[in-house]
């Protein structure tokens with residue numbers, strides 16, 4: 001189901017701001033922190049716990065956030081919260097991409113081109129800039145027309161969803177909700193154009209068709225959010241489990257069946273407490289696009305799972321250049337296959353990875369998974385890179 005079902009998430013969130021975000025916070029006299037991230041870089045941002053998913057989404061939508069990160073010793077207790085956050089991030093990027101694509105397609109409509117020819121002083125194109133306050137003022141008095149326009153756009157889309165026998169009842173409900181959310185998050189500029197041509201029957205018909213086509217595409221793409229959140233949680237739990245086993249070997253030296261040991265709630269709590277004391281953390285990081293001015297990169301999302309490398313000293317010594325930024329790089333599927341027996345179940349991870357990869361190919365989402373190991377930092381970084 002789409003995220004946002006929880007109004008508050010209890011996670012230790014580090015938010016790194018873009019230049020726009022930094023300017024906004026400073027102008028509103030908000031104090032920024034110098035935050036050290038899991039890769040040891042320091043950047044300016046804010047720390048939040050708890051936080052509203054909607055507030056994070058709103059900040060992403062206006063290009064205020066460049067990175068977010070959470071670091072914890074265990075993820076089992078916050079499984080749903082982490083998955084909700086992961087979905088919020090993906091949905092936010094999809095909403096932004098949808099909005100950009102609507103604008104790009106609508107300004108190519110014949111009605112807009114005709115308007116530009118006959119009104120050269122009121123051009124509507126890629127260079128058109130109208131202040132948000134001015135747009136809001138123009139649109140604020142047209143709520144009834146906006147509702148009518150939404151209905152005309154959504155009714156055929158919803159009818160098509162309800163009549164599609166390939167969708168389950170749950171899928172229908174999700175798609176009905178998602179299409180409305182995409183439309184509700186259109187920018188003021190797009191609504192300005194829609195309203196400008198609403199009374200032009202032929203012109204609005206062209207715009208309507210363009211928007212409905214994109215709604216269908218992005219409705220399907222939204223499915224990827226669920227798959228990403230599941231794979232990310234599997235990777236986090238796998239890293240957490242490796243850390244638990246390493247610590248269990250220290251605390252319970254000689255115990256052969258570590259899996260059985262970790263199933264004991266008291267033992268598990270003790271090990272987790274020790275990991276927290278030692279500050280042994282698994283970090284999840286989201287790097288968002290390239291900002292509002294990064295041409296071609298606005299729909300890029302890089303998700304990282306960072307954990308201390310468990311390679312032994314002998315293996316590290318064999319790496320030729322320990323100071324290189326990327327001393328060892330391979331695909332995630334190769335990384336899974338190289339995990340020694342007994343160090344974690346890889347079946348689920350491989351299954352989720354394969355499922356996500358297939359879904360991305362079908363939905364025209366570029367997806368790449370890479371594992372980097374930084375010998376000089378004893379760090380393993382799993383990268384999931386998406387271009388929506």
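Between residue 105 and residue 177, the simple label model (points 7 Å from Cα in the Cβ direction) yields a spacing of 2.4 nm. Residue order for 26, 271, 303, fewest other beta carbons within 10 angstrom first, comes to 26, 303, 271. Placing dummy labels 7 Å off each Cα toward the beta-carbon, the span from residue 162 to residue 44 is 5.2 nm. Over all Cα atoms in segment 71-164, the spread is summed up by Rg and Dmax: 19.9, 63 Å.
Relative to its residue count, the chain spans a Cα convex hull of 171 Å³ per residue. Between helix 201-221 and the chain there is an angle of about 10 degrees, using the helix long axis and the longest principal axis of the Cα atoms.
Please compute the Kirkwood hydrodynamic radius over segment 1-65, one decimal place, Å, based on all pairs of different Cα atoms. 12.7 Å is the Kirkwood radius here. Sequence-distant contacts, meaning Cα pairs under 8 Å at least 6 residues apart, place the relative contact order of segment 95-221 at 45 percent.
How much FRET efficiency would the formula 1/(1 + (r/R0)^6) give for residue 378 and residue 279, where r is the Cβ-Cβ distance and R0 is 22 Å, rounded to 0.05? Efficiency, from the Cβ-Cβ distance: 0.95.
Computed over segment 207-261, the percent of Cα pairs more than 12 Å apart is 74. The order of the peptides 76-89, 251-264 by mean Cβ neighbours within 10 Å, most packed first, is 76-89, 251-264. Using a 7 Å offset from the Cα along the Cα-to-Cβ direction at both residue 355 and residue 202, what is the distance between the two label points in nm, to one decimal? Taking the two extended label points, one gets 5.0 nm.
Send over the semi-axes of segment 91-134's equivalent ellipsoid, whole angstrom and largest first, taken as the square roots of 5 times the C-alpha gyration tensor eigenvalues. Could the numbers behind the result be given before it?
On the way: eigenvalues 107, 41, 8 Å².
Sorted largest first and rounded, they come to 23, 14, 6 Å.
Between helix 347-362 and the chain there is an angle of about 20 degrees, using the helix long axis and the longest principal axis of the Cα atoms. Seen against the Cα atoms of the chain and their longest principal axis, helix 143-163 is set at about 60 degrees. Across segment 95-221 the C-alpha pair distances fall into 10 Å bins from zero in the proportions 12, 43, 33, 10, 2, 0 percent. Full extension of the chain between residue 148 and residue 125 yields a length gain of 5.8 nm, computed as 0.36 nm times the residue separation minus the alpha carbon distance. Along its principal axes, segment 1-126 has C-alpha extents of 62, 36, 25 angstrom, given from the largest down.
For the listed peptides 65-74, 356-365, 190-199, 31-40, a ranking on the average number of other beta carbons within 10 Å per residue, highest first, reads 65-74, 190-199, 356-365, 31-40.
Since every read-out is calculated from the coordinates, none of them should be taken as a lab result. What you see is a predicted model; the values in this text were computed from it and never measured. All Cβ positions, even for glycine, are placed from backbone atoms using ideal geometry, and neighbour counts span all protein chains on display.
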